[in-house]
Amino acid sequence: MKHIVTAILLCILLSSTRLLAAAAPQQDFEKANSLFRQKQYTEAANIYQRLVDEGFDQPELLINTGNAWYKANRTGLAVYNYEKALLVDPFSKAAQHNLSIANQRVEGYVNELPQLFFQQWWTAAKYMHSPNGWATGTIIFFWLTVMGGIMLLLRPVLLPTVVRSATGLLGLLFAFYLFMSITTYVNATSHDNGIIMGSVVKVKSAPDQDSKDLFELHEGVKVQIIDGTSEFCKIELPDGKTGWMACGEIKKL
């Protein structure tokens, strides 16, 4: 009896610990909201950013973080969080609007080329599910395809054509979901874009601090990282300009 009571108390203690752990981020989020309403923007932004850095990526949190940094005149971090919000939800009107406003502050901002219609369709298709959703669908359609194959091997008496067609369709869906799960996972884990955090950064002709200066970039500019060493990253701008700069000046998305 004593062991049973101990086990019950242990379960209650573990449940309470989990509830407290889950409640803490929500309390921090509400505290940051309160600080923002009090116009304590830097303090609010620091709390929001801590939640983002801990792995929370809800669009509302990312947009609030961007708003707080924008109000605190930290344009680079504002752009960074709006861009992250668009990675989670590329069709967020709030994130798109706020990013366009923040980019007006970015000196030397280079506008990205708009997506063509088929690129928009591809983006919409990728975001039908999360990477985990695509992976779950892959597993489901795999086993359904296996079951259909087993039924065909057993030579079903009833409606063999229907079973064969259904199995073929399930196989195609399995292949499609597998392809999409791999694609979305690679996209989610690749960090080949970033935002300039330094107020003024010199872009070099080679991965060497003593190499020739090519041009300057300012806080908030979005760059694509196309190559790198341990200290220097080769970046490319939407207009095609390339060069090398210290990786520490870039906050990767």
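The values are calculated or read from the model by the stated rules, or taken from the named source; none is laboratory data. Everything numeric in this text was worked out from a predicted model, so none of it was measured. A quick note on method: Cβ atoms are made from the backbone with ideal geometry, for glycine too, and the neighbour counts reach across all protein chains shown. Side chains included, ligands, DNA and RNA excluded: accessible areas come from the protein's heavy atoms. Shrake-Rupley method; radii C 1.70, N 1.55, O 1.52, S 1.80 Å.
Observations on the model:
- Qualifying residue in segment 90-109 (condition: surrounded by 15 or more Cβ atoms within 10 Å (Cβ to Cβ), among the acidic types (Asp, Glu) and under 30 Å from Glu216 (Cβ atoms)): no
- Gly108 satisfies every condition listed in (1) touching a His at 6+ places or on another chain (Cβ under 6 Å); (2) modelled with pLDDT of 95 or more except (2).
- Test result for Gln119, modelled with pLDDT of 85 or more, within 22 Å of His191 (Cα to Cα), part of a helix (DSSP H, G or I) and open to solvent by less than 90 Å² (accessible area, probe 1.4 Å): no
- Candidates Asn132, Asn73 - the one that is of a type outside the set (D, E, K, R), closer than 22 Å to Pro25 by Cβ and free of Cβ contacts under 8 Å to residues at least 12 places away in the same chain: Asn132
So that you can scan it fast, the table gives a plain yes or no per residue for (1) open to solvent by less than 60 Å² (accessible area, probe 1.4 Å); (2) of a type in the set (Phe, Trp, Tyr); (3) not assigned by the TED database to the domain that holds Tyr127:
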residue	(1), (2), (3)
Leu169	no, no, no
Met180	yes, no, no
Val201	yes, no, yes
Glu219	yes, no, yes
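- Checking segment 65-79 against the condition returns no match, with no residue being open to solvent by 20 Å² or more (accessible area, probe 1.4 Å), assigned by the TED database to the domain that holds Leu178 and of a type in the set (Gly, Ala, Ser).
- Screening Leu62, Leu86 for residues that are open to solvent by less than 70 Å² (accessible area, probe 1.4 Å), in contact (Cβ under 8 Å) with a residue 24 or more places away in the chain and closer than 20 Å to Val106 by Cβ leaves exactly one candidate, Leu62.
- Filtered residues of segment 181-202 (kept if of a type outside the set (Ser, Thr, Tyr) and not in a helix (DSSP H, G or I)): His191, Asp192, Asn193, Gly194, Ile195, Ile196, Met197, Gly198, Val200, Val201, Lys202
- Number of the condition not met by Gly76 [criteria: (1) of a type outside the set (D, E, K, R); (2) within 19 Å of the chain's Cα centre (by Cα); (3) at pLDDT below 90; (4) farther than 26 Å from Phe176 by Cβ]: (3)
- Residue in segment 239-249 that is surrounded by fewer than 12 Cβ atoms within 10 Å (Cβ to Cβ) and over 30 Å from Ala72 (Cβ atoms) present: yes
Here's the yes/no breakdown for (1) in contact (Cβ under 8 Å) with a residue 12 or more places away in the chain; (2) closer than 30 Å to Val110 by Cβ:
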residue: Val146; (1), (2): no, no
residue: Met151; (1), (2): yes, no
residue: Ala166; (1), (2): yes, no
residue: Phe174; (1), (2): yes, no
residue: Thr183; (1), (2): yes, yes
residue: Asn187; (1), (2): yes, yes
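- Residue tally, condition in a loop (DSSP other than H, G, I, E, B) and among the hydroxyl-bearing types (Ser, Thr, Tyr), over segment 124-152: 2
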